[in-house]
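Enquirer: Would you mind keeping the following structure in view while I ask a few things?
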Amino acid sequence: MNNIHETILSVDLEKLAKNFFYLKKLIAPKTKIIGVVKAFGYGHGDLEIAKKLEKLGVYALWVTDFEEAINLRKGGVKSKIIVANPGYKSYNEIIKYKIDVIIYNHSILQLYIKNKKPINVHIKFNTGMNRYGFNKKDIPVLASLIKNNPHLNVLSTCSHLSDAENEVSKKFAKKQINLFKQISTKFNKLIAKKTLSHILNTYGVLHHSSDCLDAVRIGIGLYGCTKNKFLLPIASLNSVITQIRKVKRGDRIGYGNSFVCEKDMQIAVVPIGYADGLNRGLSNMVGSIVINNNHCPIIGKISMGTLTIDITSINASEGDVVEVFGVNNSIISIANSISTIPYEILSCLNRRIKRIYINQ
């Protein structure tokens, strides 16, 4: 590796572009794309991802909280940024940095009514996920408040699908989409304004593109961690072997003596652990690390900054590059092995990991 760092996340921005344009082809030409870069760009690094999406012509960027939005602004991002959960204490900062906000309940709405400075807002409705959002019955009062406070510039209505990935849940997703269409139509009529409407996420686009509205919010598809063969994973995580040692039958490996050698072995230590975001559930033969196309099982418990692998059956040397995840060890397979989802594996990656960007 031409880098002084031993553990590196390599992010291919050209693959990001390919994913963007593949998904764009699945929707109507006039449909706007909102790129989701929350959680540090799903662990990939939000600023570089955001800047690339800007160049690709994204309509807006979607983040969770105002601090994420401000960091993007300070980093030079000029595109529209929408904050999904603006909170109650961030008003002044949001106004200062010209950030759009999601209004999802009456408390947040009253905060922005009370403060009279013009601001772009997006109204969120609950269609069945039962998390954030106004209910359908709230529309008349909500619309009246919006009309009486013209400093609130409503740009869109939105909702969130609870399960667009699961084939079994297609009927429920369709029910949510139909309800949202009714809600957005009624709300727009009462405020006498045509706003953008968006409910589809990546899997919504993949499975319900015929129900595409004015905009879509794409997250995991941009990063390529789906089962769709045309969406390419944009990142690989590599490290190196920092120590090799021979151990004998009966020796213990790692904390808690959880792995006892049943034979003489050769093991290798790799400087990445749970403080870097690697799930401890991958310990003791559940997960593996790839060396020269060979899957080497993780043995012992993953430590804060290290893990140990069995290299008895392969040739390896200290300083050799290893693949934590990438082409030979997919995020999806890692997630499946510990009964979680790719989102968790990616978003848990610590920011201390060095990130490099290819094809900028």
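The values are calculated or read from the model by the stated rules, or taken from the named source; none is laboratory data. If you're wondering where the values come from, they're calculated on a predicted model, not measured in any experiment. All Cβ positions, even for glycine, are placed from backbone atoms using ideal geometry, and neighbour counts span all protein chains on display.
Enquirer: Just to be sure I understand, how many residues within segment 45-95 are within 18 Å of Asn115 (Cβ to Cβ), of a type in the set (S, T, N, Q) and surrounded by fewer than 19 Cβ atoms within 10 Å (Cβ to Cβ)?
Expert: Result for segment 45-95: 2.
Enquirer: Just checking, how many residues over segment 205-260 are closer than 30 Å to Gln176 by Cα and either of a type in the set (Val, Ile, Thr) or not in a strand (DSSP E or B) (or both)?
Expert: Selection size over segment 205-260: 27.
Enquirer: Something else about it: From the list Lys186, Lys174, Lys137, Lys98, which residue is at pLDDT below 95 and either surrounded by fewer than 16 Cβ atoms within 10 Å (Cβ to Cβ) or in a loop (DSSP other than H, G, I, E, B) (or both)?
Expert: The match here is Lys174.
Enquirer: Additional query: Working only within segment 290-300, note down all residues that are touching a Gly at 6+ places or on another chain (Cβ under 9 Å) and surrounded by fewer than 20 Cβ atoms within 10 Å (Cβ to Cβ).
Expert: Answer for segment 290-300, where residues must be touching a Gly at 6+ places or on another chain (Cβ under 9 Å) and surrounded by fewer than 20 Cβ atoms within 10 Å (Cβ to Cβ): Val290, Pro297.
Enquirer: Which helices (runs of 4 or more DSSP H) does segment 30-82 wholly contain that include 1 or more residues that are within 16 Å of Ile218 (Cβ to Cβ)?
Expert: Hits in segment 30-82: 38-42, 46-56.
Enquirer: Moving to a separate point now. If you check Val101, Val58, which single one turns out to be under 30 Å from Ala143 (Cα atoms) and touching a Gly at 6+ places or on another chain (Cβ under 7 Å)?
Expert: Val58
Enquirer: Please give the number of the condition Ser313 fails out of (1) buried (at least 16 other Cβ atoms within 10 Å of the Cβ); (2) within 22 Å of Asp251 (Cα to Cα).
Expert: (1)
Enquirer: Same structure again: How many residues does segment 140-171 hold that are assigned to a loop (DSSP other than H, G, I, E, B), surrounded by fewer than 20 Cβ atoms within 10 Å (Cβ to Cβ) and modelled with pLDDT of 95 or more?
Expert: Looking only at that region, the number is 4.
Enquirer: Sticking with this one: Would you mind stating whether Ala192 is in the same structural domain as Lys114 (by TED's automatic domain parsing) and crowded, with 20+ Cβ neighbours inside 10 Å?
Expert: no
Enquirer: Are any of the residues in segment 268-289 under 16 Å from Ser333 (Cα atoms) and assigned to a strand (DSSP E or B)?
Expert: Yes: segment 268-289 contains one or more residues that are under 16 Å from Ser333 (Cα atoms) and assigned to a strand (DSSP E or B).
Enquirer: I would also like to ask the following. Take Lys124 and tell me if it is in contact with a Cys (Cβ under 9 Å, 6 or more places away or on another chain), charged (D, E, K, R) and assigned by TED's automatic domain parsing to the domain that holds Asn188.
Expert: In short, yes.
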